[in-house]
Ligand SMILES: Cc1cc2nc3c(=O)[nH]c(=O)nc-3n(C[C@H](O)[C@H](O)[C@H](O)COP(=O)(O)OP(=O)(O)OC[C@H]3O[C@@H](n4cnc5c(N)ncnc54)[C@H](O)[C@@H]3O)c2cc1C
């Protein structure tokens, strides 16, 4: 079985990113940001725009990790429904969190417009198609909750989903007009260009190796130098490594994998997502799909844990494309790539305070295009001195996922379990499951 050549579609169609150099020597600044994805760059941008001197350290190149690899679906809100958040946190804090996270796409599309980022941005909405009658009932509740809060969300019938997606598989769905799509790598590179224009510095190929506290300041050591500052923001999400073992234990990194077809012939294009929405369905191992600017269909779902996957590892994705869109049989698949998604036990992103001036934001559960951008701004506001009550986002205790050491094994077992549940549901079984993580 041949090994797949992994290459992301986005790396071929994004404009080049800025050229940055590794950090060398000893520096002092006002804020250090570790990680140059959406979280870190949004934090750096908002800090620099408020007049702070900022240094960003990135272990790889800009967009080489999740922010340059994802599906580019700009999804409003977090996984738990608005009423659940208000019950969990109380009406005031819960309501603020619902408002902050629901407005995530506003922030993304405003930044893109204000900073002039060329990233194929399109705000046509986001669809959540229902894979079962039970899921449709749940979506109807979700729609009702958002409508009570004035959001532009509606419930779709089976025929409306067929019309908007081109797939006859779904029972109905939810359309959220606040959502949309971006070319994710172009977006993160555009954010990096904007950060550099503020005068902030970004050092790529510069892993933060150690973090220490000296004379009331943080010092970050890198292979060829160090930088110290009173504020450090850790924005490493699913790729969190030894820089903070305690943070790494708060999440489980789950692989997600995508395939992209050749451009769909023009005569077929009007049958698939004709209005340009993105979609993520309600299977436990959800499938997410969209078109890019040149009409390629991109579909993502659970990933493989292998570093060098074989063709057989993506048969599931090919089958999913053909099940959803039988008219695409015969169109070749040209790009295959994957990355890690950070899942938290409560399905919420977490803002942490790890020490004086030491902040972290992570755990977007597959919804980080909008949420990580929002989190970056929240982190910047907190670092600039905002009170927790003003942030619209709670500060969470740093709690390890139980049995984290086994989480690699656990994530594999969980994927098999969810696959079995989806399989049963496909055969018509009524299945109720309570699972802590849903990739
Ligand atoms: C395949 C896939 C599909 C997805 N699809 C979607 C989608 O369609 N919509 C959506 O909303 N979300 C999606 N997501 C999730 C989304 O991509 C992430 O939530 C988001 O990009 C997180 O941004 P981030 O900046 O926090 O993390 P990242 O973009 O991963 O950035 C973290 C950075 O930290 C760096 N780093 C790590 N350790 C160190 C260190 N010690 N020193 C210096 N740098 C370090 C890493 O190199 C990395 O660049 C998807 C994710 C994947 C993997």
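Every number in this text was worked out from the coordinates using simple rules, so none of it is lab data. Please read these numbers as outputs of a predicted model, since none were measured by experiment. Virtual Cβ from ideal backbone geometry, glycine too; neighbours counted across all protein chains shown.
Provide the three semi-axes, in whole Å and in decreasing order, of the ellipsoid equivalent to segment 230-274 as defined by the square roots of 5 times the Cα gyration tensor eigenvalues. Don't skip to the answer; put the middle values down first.
Details: eigenvalues 349, 34, 15 Å².
In descending order the semi-axes read 42, 13, 9 Å.
What does DSSP give for the chain in terms of the percent of beta bridges that are antiparallel, rounded to the nearest 5?
Numbers: 49 of 70 bridges.
Around 70 percent of the beta bridges assigned by DSSP in the chain are antiparallel ones.
Given only helices, namely DSSP H runs of n ≥ 4 each adding -39500 (n - 2.57), what is the per-residue ellipticity at 222 nm of the chain, to the nearest 500 deg cm²/dmol? Kindly include the intermediate steps, with their values, before the conclusion.
Details: 14 runs with 145 residues, N = 439.
Roughly -10000 deg cm²/dmol at 222 nm, from the helical runs in the chain.
Based on the Cα gyration tensor of segment 9-390, what are the three equivalent ellipsoid semi-axes, each the root of five times an eigenvalue, rounded to whole Å and given largest first? Kindly include the intermediate steps, with their values, before the conclusion.
Numbers: eigenvalues 248, 114, 64 Å².
Taking √(5λ) for each Cα gyration eigenvalue gives 35, 24, 18 Å.
With only alpha-carbon atoms in the gyration tensor, what are the semi-axes of the equivalent ellipsoid for segment 278-387, in Å, largest first? Could the numbers behind the result be given before it?
Numbers: eigenvalues 258, 47, 30 Å².
Equivalent-ellipsoid dimensions as semi-axes: 36, 15, 12 Å.
How much space per residue, in cubic angstrom, does the convex hull of the C-alpha atoms of segment 327-406 take up? All intermediate terms of the calculation are to be shown ahead of the outcome.
On the way: hull volume 13.5 nm³, N = 80.
It comes to 168 Å³ per residue, whole-number rounded.
Under a GNM of the chain (C-alpha, springs under 10 Å), which listed residue has the highest mean-square fluctuation: 399, 384, 45?
Between 399, 384, 45, it is 399 that shows the largest mean-square fluctuation.
For segment 93-165, max minus min Cα coordinate along each principal axis, in Å, sorted largest first?
Principal axes ranked by extent give 43, 35, 17 Å for the Cα atoms.
Starting from the Cα of residue 114, step 7 Å along the direction of its Cβ; do the same at residue 99; then give the gap between the two resulting points in nm.
Computed distance between label sites residue 114 and residue 99 equals 1.8 nm.
In Å³ and rounded to a whole number, note down the convex hull volume per residue for the Cα atoms of segment 219-294. Mind showing how you got there, number by number?
Working: hull volume 15.2 nm³, N = 76.
Output value, Cα hull per residue: 200 Å³.
Which residue, 298, 117, 331, tops the fluctuation ranking in a GNM of the chain built on C-alpha contacts under 10 Å?
331
Springs between alpha-carbon atoms under 10 Å, Gaussian network over the chain: tell me which of 128, 387, 345 tops the mean-square fluctuations.
Greatest mean-square fluctuation among the candidates belongs to 387.
Kirkwood Rh over alpha-carbon pairs of segment 48-137, then Stokes-Einstein at 4 °C and 1.567 mPa s: what D in µm² s⁻¹, rounded to an integer?
Working: Rh = 16.5 Å.
In µm²/s, the coefficient rounds to 79.
Which percent of Cα pairs goes in each bin when the distances of segment 150-202 are cut into 10 angstrom slices starting at zero?
Values per bin, smallest distances first: 21, 27, 21, 19, 12, 1.
With the contact rule set at Cα under 8 Å and sequence spacing of 6 or more, what percent relative contact order holds for segment 9-390?
Over segment 9-390, the number comes to 26 percent.
Considering every Cα-Cα pair within segment 196-332, what fraction, in whole percent, is farther apart than 17 Å? If you can, show how the numbers build up before the last one.
Details: 6641 of 9316 pairs.
Beyond 17 Å sits 71 percent of the P(r) for segment 196-332.
Which three extents, in whole angstrom, do the alpha-carbon atoms of segment 138-234 cover along their principal axes, largest first?
62, 28, 26
Within 10 Å of each residue's Cβ, count the other Cβ atoms and sort 305, 257 from fewest upward.
Details: 305 13, 257 21.
Exposure proxy ranking, most exposed first: 305, 257.
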